[in-house]
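The values are calculated or read from the model by the stated rules, or taken from the named source; none is laboratory data. Note that the structure is predicted; figures quoted are calculated from it, not measured. Glycine also receives a Cβ, built like all others from the backbone with ideal geometry; neighbour counts cover every protein chain displayed.
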Amino acid sequence: MSTTKTNKAILEHIRQELKNAVDEKTLHSAARFFKENEKITLYGVKTALVQKIAKEIFQEIKDKPKQEIFDLCEEFWRSGYMEESFVACNWSYAVRKKYEPADFEVFERWIQNYVGNWASCDTLCNHTVSEFLEVYPQFLPKLVVWTKSENRWMRRAAAVSLIIPARKGLFLDVIFEIATALLTDKDDLVQKGYGWMLKAASEVHHQKEVFDFVIRYKAVMPRTALRYAIEKMPPELKMQAMSK
C-alpha cells in the first residue's frame, strides 16, 4: 500500500512541477509544429525545462526496481500530455543499463497505444528503443514488421529507432530493408522518418551506399524522403539525385 501511495505522490509531484513551469508563449506557439491529425495535449513547458524536472525527480526514484519505474512511465504515457511523455522517455532511458529482452514488448506497446505525435515518437525511439537495439540487435527484424503496421507511428518508429545506430555506421542492411519497405509510404511523416534515417547513415560512414540507394529508387521515392536522405551530401551528388 505504501508503494502505491509513494508512486501516486511521485506522479503528483511531477505534474505539479510541470504546472508551475507553464509558459503561455510556449503553449500557444507549440501547436504550429504539429499537423492537425496529430494528438497534442500540452501543459506548455519548454522541453529543456521538462528534461530538467525529469532528471531532478528521477534522483528520488533511481533505486526503485525497473518495473516500478516502467509502471510510472506508463502512467505518464496514459495521461496524453506531451510533456509527461517526455518524462517517461527520460526515465525509461535512465534505466538503460537494466534493459532485458522482455522490455521490447513494453516499448512496442507504448508506441502502439500511446504515441500520437512525432515529438513523442522520436524522443522515445532515438533514445530508449535505439539503446535497446544496440544491446539486443536480435530484435532488429521486429522493426521490419513495424513497417507493415497501419499505425503511422509504428512505421515512423521503425525508421527513427535507427537514427543513432546509423550515425555510428551500424545496421546498414536493416536500414536499407526498412527504407525499401517504407519506400512508397503515403504518409509524409513516415517519409521524413526514413529519409532522416538514410541521411544519418550517410553522414559519417556510408555516403556512397546511401547515394547509390537513392539513385536506384529515385524514380519512385517521394521527394520529401529523397530531400531528407541527401541533405548532408555534397552539392554535386544532390544535383544528381534531384535530377529527373
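Among the numbered conditions (1) surrounded by fewer than 16 Cβ atoms within 10 Å (Cβ to Cβ); (2) in contact (Cβ under 8 Å) with a residue 24 or more places away in the chain; (3) outside any loop (DSSP other than H, G, I, E, B), the only one that ASP173 does not meet is (2). Residue check: ARG15 meets all listed conditions (1) surrounded by 13 or more Cβ atoms within 10 Å (Cβ to Cβ); (2) basic (Lys, Arg); (3) free of Cβ contacts under 8 Å to residues at least 60 places away in the same chain but one, namely (3).
If you check ALA200, ALA157, ALA166, ALA181 for being crowded, with 19+ Cβ neighbours inside 10 Å and over 16 Å from the mean Cα position of the chain (by Cα), only one passes: ALA181.
Annotation note: of LYS186, LYS232, the sole residue that is within 21 Å of ASP122 (Cβ to Cβ), in a loop (DSSP other than H, G, I, E, B) and modelled with pLDDT under 95 is LYS232. Restrict the check to region 146-167 and report whether at least one residue is within 19 Å of ALA54 (Cα to Cα) and in contact with a Ser or Thr (Cβ under 7 Å, 6 or more places away or on another chain). No, region 146-167 has no match at all.
Yes/no per residue for (1) closer than 19 Å to ALA9 by Cα; (2) in contact (Cβ under 8 Å) with a residue 60 or more places away in the chain:
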site: PHE58; (1), (2): yes, no
site: GLU74; (1), (2): yes, no
site: VAL87; (1), (2): yes, yes
site: LYS98; (1), (2): no, no
site: PRO101; (1), (2): no, no
site: GLY116; (1), (2): no, yes
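Residue count for region 205-234 under the criterion of being aliphatic (A, V, I, L, M), within 18 Å of GLY193 (Cα to Cα) and over 23 Å from the mean Cα position of the chain (by Cα): the result is 3.
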